[in-house]
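The values are calculated or read from the model by the stated rules, or taken from the named source; none is laboratory data. It should be emphasised that the depicted structure is a prediction, and the values quoted were computed from it without experimental measurement. Reconstructed Cβ throughout: ideal geometry from the backbone, glycine too, with neighbour counts over all protein chains shown. Calculation scope for accessible area: heavy atoms of the full protein, side chains included, ligands and nucleic acids excluded. Shrake-Rupley method; radii C 1.70, N 1.55, O 1.52, S 1.80 Å.
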Amino acid sequence: MALRLGDEAPNFTAQTTEGPIDFHQWLGPGWGIFFSHPRDYTPVCTTELGTVAKIKNEFEKRNVKVIAISVDPMDSHHGWISDINETQQTKMNFPIIADPDRSVAGLYDMIHPKADDTATVRSVFIIGPDKKIKLTLTYPASTGRNFLELLRVIDSLQLTATYKVATPANWENGQDCIIVTAVKDADVPKLFPKGSRTVKPYLRYTPQPNQ
Ligand code: BEZ
């Protein structure tokens, strides 16, 4: 069955380009982002991995570890990494899981047979410090993902895990947030000392509380 928000991210052991891992141990106490690539030596995947390598410090700042998976074997991954470094003007700096028997891809339902019965789709899982799945996303092989959007989601997830707020459409870090409807009006001044603005009883804004 497909993994859903709130499910525990299944644990596994695997070989990666940075050595063998036990996934939960590798994640440690922080956040993680786990994303799949249909195949090695494919153009869109090459740009995606190079893009993530270039902004890995942005994930680190947010205490998020990054790991990719492709169903190709390890020797293929190592050759491909040379190409990624060369063509994307970067240096790969996070592990790629080799999953030739597709056991991990199966565990995470990353193969959608009506799209392609051997390669994975472009799945993303954001995993919280409690090892629970906080976001799932599925893109087709033909569409590269927007990793700045994933950073934006992580900012929202980390904010809303701590404060009683939600983030509105197209929210960016630093912008006003929505006070969750469970907060009573009487509690707003105490919980949101920076102030609030009521548009409707169910639509109340406050400046981002952690800035
Ligand atoms: C790519 O990464 O370019 C790609 C992979 C599989 C199918 C189509 C495109």
Hits in the stretch 81-120 (condition: open to solvent by 60 Å² or more (accessible area, probe 1.4 Å) and either touching a strand residue (DSSP E or B) at 6+ places or on another chain (Cβ under 6 Å) or free of Cβ contacts under 8 Å to residues at least 24 places away in the same chain (or both)): Ser82, Glu86, Asp101, Pro113, Lys114, Asp117
Residue that is farthest from the ligand (Cβ to nearest atom), among those in the stretch 64-80 that are within 25 Å of Ser142 (Cβ to Cβ) and open to solvent by 30 Å² or more (accessible area, probe 1.4 Å): Pro73
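Do we have any residue at all in the stretch 16-37 that's within 12 Å of the ligand (Cβ to nearest atom) and on the phi < 0 side of the Ramachandran plot? Can you show your working first?
The first filter runs over the stretch 16-37 and keeps only residues within 12 Å of the ligand (Cβ to nearest atom), leaving 36-37.
In the following step, the residues that additionally are on the phi < 0 side of the Ramachandran plot were identified as 36-37.
Checked the stretch 16-37: at least one residue is within 12 Å of the ligand (Cβ to nearest atom) and on the phi < 0 side of the Ramachandran plot.
Does Thr118 fit the bill of being under 29 Å from His37 (Cβ atoms), of a type in the set (Ser, Thr, Tyr) and more than 21 Å from the chain's Cα centre (by Cα)? Walk me through it before giving the result.
Details: under 29 Å from His37 (Cβ atoms): yes; of a type in the set (Ser, Thr, Tyr): yes; more than 21 Å from the chain's Cα centre (by Cα): yes.
Yes; evaluated as a whole, the condition is true for this residue.
Counting only residues that are touching an Asp or Glu at 6+ places or on another chain (Cβ under 9 Å) and within 16 Å of the ligand (Cβ to nearest atom), how many does the stretch 38-63 have? Don't jump to the end; show me each part of the working.
The initial filter retains those residues of the stretch 38-63 that are touching an Asp or Glu at 6+ places or on another chain (Cβ under 9 Å), namely 38-41, 46, 62.
Of the ones still in play, those that are also within 16 Å of the ligand (Cβ to nearest atom) are 38-41, 46.
Of the residues in the stretch 38-63, 5 are touching an Asp or Glu at 6+ places or on another chain (Cβ under 9 Å) and within 16 Å of the ligand (Cβ to nearest atom).
Can you tell me which of Thr181, Thr160, Thr138 is within 16 Å of the ligand (Cβ to nearest atom), modelled with pLDDT of 95 or more and surrounded by fewer than 17 Cβ atoms within 10 Å (Cβ to Cβ)?
Of Thr181, Thr160, Thr138, the one residue that is within 16 Å of the ligand (Cβ to nearest atom), modelled with pLDDT of 95 or more and surrounded by fewer than 17 Cβ atoms within 10 Å (Cβ to Cβ) is Thr138.
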Residues (in contact (Cβ under 8 Å) with a residue 40 or more places away in the chain, within 18 Å of Asn11 (Cβ to Cβ) and open to solvent by less than 40 Å² (accessible area, probe 1.4 Å)) located in the stretch 24-63: His24, Leu27, Gly30, Trp31, Gly32, Ile33, Phe34, Phe35, Ser36
